[in-house]
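The block underneath contains the structure these notes are about, expressed in structure tokens.
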Amino acid sequence: MASNDSAQAPVIVWFRDDLRLADHPALDAANASGRPVICLFVLDEGTERRRPGAASRWWLDKSLATLDGDLRRLGGQLIVRRGDPRHIVPDLVAQVGASALHFNRRYDQDGIAIDEAIASELRRFGVVVSSHAAWLLFEPSTIRTKTGGAFRVFTPFWKAHRPHLAPKSQLYRRPETISFSGLALASEPLASLGLHPRAPDWSGGIASTWKPGEAGAKARLLAFLDNRLSRYAEERDFPALGASSSLSPHLRFGEIAVARVVHEVMKAEEAGSVSAEAAEKFLAEIGWREFAWHLLSGFPDLATRNFQSGFEHFPWEPDADAFKAWTTGRTGYPIVDAGMRELWQTGFMHNRVRMITASFLIKHLLIDWRQGEQWFWDTLVDADLASNPFGWQWVAGTGADAAPYFRIFNPTAQGEKFDPEGVYVCRFVPEVANLSGKLLHRPWEAPPLLRPSPGIYPPPIVDHEVARKRALAAFAKRG
């Protein structure tokens, strides 16, 4: 391999989970070099630990198409390849005589290992390899405990990091022009990657709910700032009120930079358009995402091993029928079933309902949290390497900063508290829409003439009090 030393030697920008043009330091550095730019994406389905789930693959298909369209409007294109990036990236560098490779850093163990292997090989041949910080607000290990260790509890983690958070004086604005390489390079057609579901195409509900891509991310952020952020603190736990940002899938695919989101929220607070309470509540959720990634960087098996080793011999009770009832929204508890049906139809679930449904699987059914985590991984459009397993371990009580094992959500009480009018439940569980008041959340107590027949909507698959006592006994004996 030999790099081209002339002024015309191109530079390659390797896109990964950063499918945007604005606030993209790797792209900005490549563009600022004055050399011709080649934009590359590699679909890696062999070397990474976790292949994206079906819903994530649908999103990726649309996001890549959007990014390619944005690049074409500037006179370039996205070169798409499929295979092992440890071969594909160096081969492309050699083919075009690239002088440099730019990418934004990753923080999962597999991603780091791949990047280091590629960087090591390219540098041996004189190619400049530049990595940039873009995925997190604070890189792991930049802020440590007083004893020099990593934080294991969120509150002190955020207390240490929050003072360093401030609006950015300068972000990487979307480039108005890019000097692209004119080389004719082979690129895999997106349709050939098999990312969009076929036979059957189950994505209709997801497609009608979301607009993947940088423009869609920007629109979501603006809508949140204009209409939702001001009521976020008071309404965030009520799924029918639509107070959440819905930015998580856009952040997952890097269609918007987390630094941009924080910048705009803090600007809104400074301008007085939102209260400090609302801004702080939302920023803490961003902090929760940061915390998850900091944990994953030091504990790469977060999706497969209990963070707390005392749970390694926990007596989970596999139950295929109960698991199927949970996944299909047929548990007999309307708030649980509404969440699982929302997930299936839209690829998303409200955060409060995620906690309720996860708690039900783990505590009421005593099914291993890893089964639930895998289901969410496959069906969520925002399934994230760190946040998904971190959230499940938090609910299970097996993780860092975990909820105590004796915290067992009563799904009926949760529904009555956070969906008091049943608006959310009726949207996804129309079988109970003829009921009113508390009966919406406890249809088994309705008069026989109003009660849905078991063939229409099932009675609870497990009694709450019985399940609660069984879970307390099992968790008390853990380890």
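Stretched out straight at 0.36 nm per residue, the stretch from Val423 to Thr209 would grow longer than its current Cα-Cα span by 75.2 nm.
Defining a contact as two alpha carbons under 8 Å apart and six or more residues distant in sequence, what relative contact order in percent does the chain show? Don't jump to the answer; show the numbers that get you there.
Working: 742 pairs, mean separation 81.9, N = 479.
So the answer I get is 17 percent.
The phi-based Karplus calculation (6.51 cos²θ - 1.76 cosθ + 1.60; θ = phi - 60°) puts the 3J(HN,Hα) values of the stretch 151-166 at 6, 10, 10, 5, 4, x, 4, 6, 4, 6, 8, 4, x, 8, 8, 7 Hz, whole numbers, x for Gly and Pro. Projecting the Cα atoms of Trp344, Leu435, Asn388 onto the charge dipole of the stretch 309-474, computed from C-beta unit charges around the Cα centre, puts Leu435 farthest toward the positive end. Projecting the Cα positions of Phe138, Phe376, Trp316 onto the charge dipole of the chain (unit charges on Cβ atoms of Lys, Arg, Asp and Glu, taken about the Cα centre) puts Trp316 furthest along the positive direction. Per residue, the convex hull around the alpha carbon atoms of the chain comes to 155 Å³. Placing +1 on the Cβ of every Lys and Arg and -1 on the Cβ of every Asp and Glu, with nothing else charged, gives the chain a dipole about its Cα centre of roughly 500 debye.
To the nearest 20 Debye, how big is the dipole of the stretch 309-474 about its Cα centre, given +1 on the beta carbon of each Lys and Arg and -1 on that of each Asp and Glu?
Working: 16 positive and 19 negative charges, 84 e Å.
Charge dipole, the stretch 309-474, about its Cα centre: 400 debye, nearest 20.
The H on the amide N of Leu101, modeled in the peptide plane, is under 5 Å from the matching H of Ile12, Val128, Val129, Ser130, each at least 5 residues off or on a different chain. For the chain, the mean residue ellipticity at 222 nm estimated from helices alone is -13000 deg cm²/dmol, where every DSSP H run of n ≥ 4 contributes -39500 (n - 2.57) and the total is divided by all residues, rounded to the nearest 500.
Charging the Cβ of each Asp and Glu at -1 and of each Lys and Arg at +1, and nothing else, the dipole of the stretch 1-139 about its Cα centre rounds to 240 debye. Axis angle, to the nearest 10 degrees, between helix 387-396 and the longest C-alpha principal axis of the chain: 30 degrees. Close amide-amide hydrogen proximity is noted between Leu43 and Arg81, Arg82, Gly83, each under 5 Å apart and 5 or more residues distant or on a separate chain (H modeled in the peptide plane; Pro and chain starts excluded).
Expressed in nm to one decimal, what extension gain is obtained for the pair Ala474 and Thr145 from 0.36 nm per residue of sequence separation less their Cα-Cα distance?
Numbers: separation 329, 0.36 × 329 = 118.44 nm, distance 3.38 nm.
Difference between extended and current length: 115.1 nm.
The angle separating the long axis of helix 258-271 from the principal Cα axis of greatest extent in the chain is about 70 degrees.
Once the Cα atoms are used to define both axes, helix 54-73 deviates from the longest principal axis of the chain by about 30 degrees.
Summing Lys, Arg as +1 and Asp, Glu as -1, what charge do residues with Cβ under 14 Å from the Cβ of Lys218 carry, Lys218 excluded? Please report the intermediate quantities before stating the final value.
On the way: positive: Arg20, Arg173, Arg174, Lys211, Arg220, Arg260; negative: Asp23, Asp70, Glu214, Asp226, Glu255, Glu264.
Here the count lands on 0.
Note: relative contact order over the stretch 1-158, using C-alpha pairs below 8 Å and six or more positions apart, is 30 percent.
Between Rg and the Kirkwood Rh of the stretch 309-474, both from Cα atoms, what is the Rg to Rh ratio?
Details: Rg = 15.4 Å, Rh = 16.1 Å.
Ratio of gyration radius to Kirkwood radius: 0.96.
Along the axis of the charge dipole computed for the chain (Cβ charges of +1 for Lys and Arg, -1 for Asp and Glu, origin at the Cα centre), the listed residues Val258, Leu296, Pro90 are led at the positive end by Leu296.
Do any of Lys62/Lys218; Lys324/Lys469; Lys281/Lys438; Lys438/Lys469; Lys62/Lys168; Lys324/Lys363 go past 18 Å between their Cα atoms, and which?
Numbers: Lys62/Lys218 16 Å; Lys324/Lys469 23 Å; Lys281/Lys438 30 Å; Lys438/Lys469 24 Å; Lys62/Lys168 30 Å; Lys324/Lys363 16 Å.
Correct reply: Lys324/Lys469; Lys281/Lys438; Lys438/Lys469; Lys62/Lys168.
Read-outs: derived from the displayed coordinates by stated rules, not from any lab. The structure displayed is predicted, hence computed values, not measured ones. Cβ atoms come from the backbone with ideal geometry, glycine included; neighbour counts cover every protein chain shown.
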